[in-house]
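A.B. asks: Input: one structure, supplied below.
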């Protein structure tokens, strides 16, 4: 597990430098990039931390970079910086997962607060991602039949109903439930439901492969 | 034809015309002769000389020779009678001897008389001949006598003079040779004339040309008489030939003149007519027939033929007129139409004149007709053209005028003039009246132009002369007019007329002005837009270092806080730096907000709310300037259509200007009054300060970009306000008096 890093992307060298100094002043690791493309080339999904991203960049813009990162599954919290306030862009950016949108020149203290918040958020996202990955792995172990039963359980249906809908006997459903709990490595049914719901909330309901 | 011979009765007269040798002596000689004759008879009878006495008669006879012819005859007869009477007297001698003696004496006497008579006759004839020759010379004629049998011709002696030939050479001799002298064109005619002569019709008269030796021709008139033998053959030709070259030329001239008249009549296309009043008999020339469209074979030669072809609409009038001419003997002068057989209508002009007879009554009417269809058509075309011209001149939205330089007067002014000026054109001589309507600023130039127009003073070879100016309509409106005049020149280049158009170009001028204004606005907008972009860029560029400063300061603060003992002042100074950075950022943000281009967001706006909000937001500013703001807002003000933020910008800008304008004033005099009131169609907002006011020049330039009275202003505030107000369909203006403050007002139309 690497140390969390604050990635700073800004085309203005003075700005880049000052941001680096500011962030380093609270003893955080910093990496600076002068363009979105440079960062995109360097970043890997296993990196921890957060991003301070200038909205207006030569070449690929901040918003474009945000889109690219999402596509590549890199979930780093982004603090957008902008030369001038643009409400629409700000709203769009935040909808896409940016955690804040600061207008330059913003208060340094606020920026530091946001960086720390972002790092925490980054950790949360990371843990969540790990959880989701685990769930995904375990879900892969389920057979088709077991998955169907799981769906019924998550939907809160009684076993009888599940059995009836799937054309199975109650006993079969019971048996599958037991196998599911085992395969999903959970201690209780509520825990199973929580994991699956969280997974379904963040992951697109991927086509289950047997 | 007169007889070619001399009347014998004339001859004694001619003889008598010759006087005796000594006319004065005639009575004396006559008396002496009678005495001598008586004395001779007495001597014969009573003298003793016997028969010898008879000799005394001889002197009487000789003396009588000087007497006129009749006296001489009488004396001769008397002497003879007396001598015969003397025989009866008995004498001594034998009677036979006496008879012989007396016979001898009387024979001698009669011989003398006869000789004398012959001498006299010779003398008379010679004189007669001389006179005749003279007369013939004067009359340029000669007589001839041509014997055809022998072909000998005799011509009177002056023939050679007439033809310039030697006497008795060329002109005498054979008659047929004379034919060689005759002009070839006339020879045939002469020969034909001679061939036609008969014993019954034996005289002729002919004119021909006869050559002179020099090659020129004389025109001669010959009268002659032919004599025929009992077998009917012509044997003699007797006559007289007169040189009529001079007369002939005159006749030729007359003939030519007649010919010319005929040609002229033909060329002019004149048809001639002649009518006998009594019978109505009508004669038409060929041309007249053609004009009337009547084929010669259809022409009946009566008055009715004329009336028949006249156009029905004209017939009655022409008939009346013709009758009047005949009755009163006045000229007939009419224009009328005739209808040709093919149905075509032709205009004719007719002129007729009455010819009166000996009794004074009208006997004939003669006259001419000419086709005037073309003229009529031209007249009609002209009328039509003129009507069209008038129609155009009177209906176009231009005042059209024609001015005669020579006559110094206007020949025509189209009615539009009055419409344009608001009153009828003043007399051309009254320049002052013409100028009265002209705008004072243009009057001098207009006066000069008027002088030029009236005097026809146009630059040579120009296309036209244009001028523009303003006139003041009686209704008080100012109109721009454009006058374009052309010179109509005589062949010598002097200006005869001036023709011009005056046009109302007010709308055009206004459009021009509007265009200029739009161009200025565009230029202004471009500047503002450029400024906006520049400011936007600048803001970004400035924000970067400001942000960097902020970052550094914050990092300093963080680092310092990690130290144990940091003086409080250091941290507070750093806080101050942060504050200043934020202030600078705010300034930049505000600047950008003013010039940034964005789509206006229209809605119905309560301007009073906008003002109240602006004042609330500006509280700190107002407080800093130590000023008071008084609001005098009209209640229940109608809403206006527009962008509330832009309106707020305008109000804010005006408020800031007002605050800035009062910095020099004493604190208690710093009042800003913002008033709203309702106009007919707009809401008016005024922002009044109690500052020192503006000078005239500054007040005028107030809205120009980059004009400022402030030490650190950019000179864009009011320009932006103006742009925004105008974008809302309103207007903005300033009223200022030095030391009485400035009021800026703007209106916004009520939606």
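A.B. asks: Out of curiosity, is residue B:488 in contact with a strand residue (DSSP E or B) (Cβ under 7 Å, 6 or more places away or on another chain), closer than 27 Å to residue B:455 by Cα and free of Cβ contacts under 8 Å to residues at least 12 places away in the same chain?
C.D. replies: Criteria met by residue B:488.
A.B. asks: Looking at (1) at pLDDT below 85; (2) away from chain A (no Cβ under 14 Å), can you tell me which one residue B:532 breaks?
C.D. replies: Of (1) at pLDDT below 85; (2) away from chain A (no Cβ under 14 Å), only one is false for residue B:532: (2).
A.B. asks: Read through the list (1) closer than 30 Å to residue B:290 by Cα; (2) assigned to a helix (DSSP H, G or I), then give the number of the only condition that residue B:194 fails.
C.D. replies: It fails just one condition, (1).
A.B. asks: Would region A:99-120 turn up any residue that is more than 14 Å from chain B (Cβ to nearest Cβ) and closer than 24 Å to residue B:577 by Cβ?
C.D. replies: yes
A.B. asks: Being closer than 16 Å to residue B:364 by Cα and in contact with a strand residue (DSSP E or B) (Cβ under 7 Å, 6 or more places away or on another chain) is true for just one of B:324, B:333. Which residue is that?
C.D. replies: Of the residues listed, the single one that is closer than 16 Å to residue B:364 by Cα and in contact with a strand residue (DSSP E or B) (Cβ under 7 Å, 6 or more places away or on another chain) is B:333.
A.B. asks: Right, next: Just to be sure, is residue A:77 away from chain B (no Cβ under 14 Å) and touching a residue at least 60 places away in the same chain (Cβ under 8 Å)?
C.D. replies: Against the criterion (away from chain B (no Cβ under 14 Å) and touching a residue at least 60 places away in the same chain (Cβ under 8 Å)), residue A:77 does not qualify.
A.B. asks: Checking residue A:32 against (1) touching a strand residue (DSSP E or B) at 6+ places or on another chain (Cβ under 8 Å); (2) closer than 26 Å to residue B:537 by Cα; (3) in a helix (DSSP H, G or I): exactly one of these is not met. Which one?
C.D. replies: Going through the list (1) touching a strand residue (DSSP E or B) at 6+ places or on another chain (Cβ under 8 Å); (2) closer than 26 Å to residue B:537 by Cα; (3) in a helix (DSSP H, G or I), residue A:32 breaks only (3).
A.B. asks: Residues being at pLDDT 75 or above, more than 22 Å from residue B:672 (Cβ to Cβ) and not in a helix (DSSP H, G or I): count how many of those fall in region B:583-637.
C.D. replies: Count: 4.
A.B. asks: Take residue A:200 and decide whether it is without any contact (Cβ under 8 Å) to a residue 40 or more places away in the chain, in a helix (DSSP H, G or I) and either at positive phi or within 16 Å of the chain's Cα centre (by Cα) (or both).
C.D. replies: So residue A:200 fails the test.
A.B. asks: Looking only at region A:2-25, how many residues end up being facing another protein chain (nearest Cβ under 9 Å) and farther than 13 Å from residue A:52 by Cβ?
C.D. replies: 2
A.B. asks: Taking the conditions exactly as written (surrounded by 12 or more Cβ atoms within 10 Å (Cβ to Cβ) and assigned to a helix (DSSP H, G or I)), does residue B:330 satisfy them or not?
C.D. replies: When the stated conditions are applied, residue B:330 does not pass them.
A.B. asks: Ok, one more. Could you list all residues from region B:84-98 that are at pLDDT below 75 and part of a helix (DSSP H, G or I)?
C.D. replies: Once the filter is applied, which keeps residues that are at pLDDT below 75 and part of a helix (DSSP H, G or I), region B:84-98 yields B:86, B:87, B:95, B:96, B:97, B:98.
A.B. asks: Here's something else I'd like to know. I'm trying to understand the selection: among the residues of region B:126-152, which are without any contact (Cβ under 8 Å) to a residue 12 or more places away in the chain and not in a helix (DSSP H, G or I)?
C.D. replies: Residue satisfying the conditions is B:150 alone.
Yes or no, residue by residue, for (1) modelled with pLDDT of 90 or more; (2) at the interface with another protein chain (Cβ under 10 Å from one of its Cβ atoms); (3) assigned to a helix (DSSP H, G or I); (4) within 60 Å of the chain's Cα centre (by Cα):
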{"residue": "B:536", "(1), (2), (3), (4)": "no, yes, yes, no"}
{"residue": "B:541", "(1), (2), (3), (4)": "no, yes, yes, no"}
{"residue": "B:545", "(1), (2), (3), (4)": "no, yes, yes, no"}
{"residue": "B:549", "(1), (2), (3), (4)": "yes, yes, yes, no"}
{"residue": "B:552", "(1), (2), (3), (4)": "yes, yes, yes, no"}
{"residue": "B:557", "(1), (2), (3), (4)": "no, yes, yes, no"}
{"residue": "B:564", "(1), (2), (3), (4)": "no, no, no, no"}
{"residue": "B:569", "(1), (2), (3), (4)": "no, no, yes, no"}
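A.B. asks: A follow-up question, please. From the list B:675, B:709, B:723, B:695, which one is crowded, with 16+ Cβ neighbours inside 10 Å and more than 25 Å from residue B:535 (Cα to Cα)?
C.D. replies: Just one listed residue meets the conditions, B:675.
Each row is one residue, and each column tells you yes or no for (1) in a helix (DSSP H, G or I); (2) in contact with a strand residue (DSSP E or B) (Cβ under 6 Å, 6 or more places away or on another chain); (3) surrounded by fewer than 15 Cβ atoms within 10 Å (Cβ to Cβ).
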position: B:401; (1), (2), (3): no, yes, no
position: B:410; (1), (2), (3): no, yes, no
position: B:424; (1), (2), (3): no, no, yes
position: B:432; (1), (2), (3): yes, no, yes
position: B:435; (1), (2), (3): yes, no, no
position: B:442; (1), (2), (3): yes, yes, no
position: B:446; (1), (2), (3): yes, yes, no
position: B:452; (1), (2), (3): yes, no, no
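A.B. asks: Considering only residues of region A:35-54 that are over 21 Å from residue A:126 (Cβ atoms) and away from chain B (no Cβ under 13 Å), which is surrounded by the most Cβ atoms within 10 Å (Cβ to Cβ)?
C.D. replies: A:36
A.B. asks: Then there is this: Just need a number here: residues in region B:267-291 that are in a helix (DSSP H, G or I) and more than 25 Å from residue B:302 (Cβ to Cβ). Lay out the reasoning, then the answer.
C.D. replies: Residues of region B:267-291 that are in a helix (DSSP H, G or I), as a first pass: B:267, B:286-291.
Within this subset, residues satisfying the condition of being more than 25 Å from residue B:302 (Cβ to Cβ) are B:267.
Within region B:267-291, residues that are in a helix (DSSP H, G or I) and more than 25 Å from residue B:302 (Cβ to Cβ) number 1.
A.B. asks: Let me confirm something: among B:394, B:313, which residue is more than 19 Å from residue B:281 (Cβ to Cβ), at pLDDT 85 or above and part of a helix (DSSP H, G or I)?
C.D. replies: B:313
A.B. asks: Looking only at region B:492-513, which residues are in a strand (DSSP E or B) and within 33 Å of the chain's Cα centre (by Cα)?
C.D. replies: B:495, B:496, B:497, B:498, B:499, B:500, B:501, B:502, B:503
The values are calculated or read from the model by the stated rules, or taken from the named source; none is laboratory data. Worth saying up front: this structure is predicted, and the values here are computed from it rather than measured. Quick reminder, even Gly has a Cβ in these numbers, built from the backbone with ideal geometry, and neighbours come from all protein chains shown.
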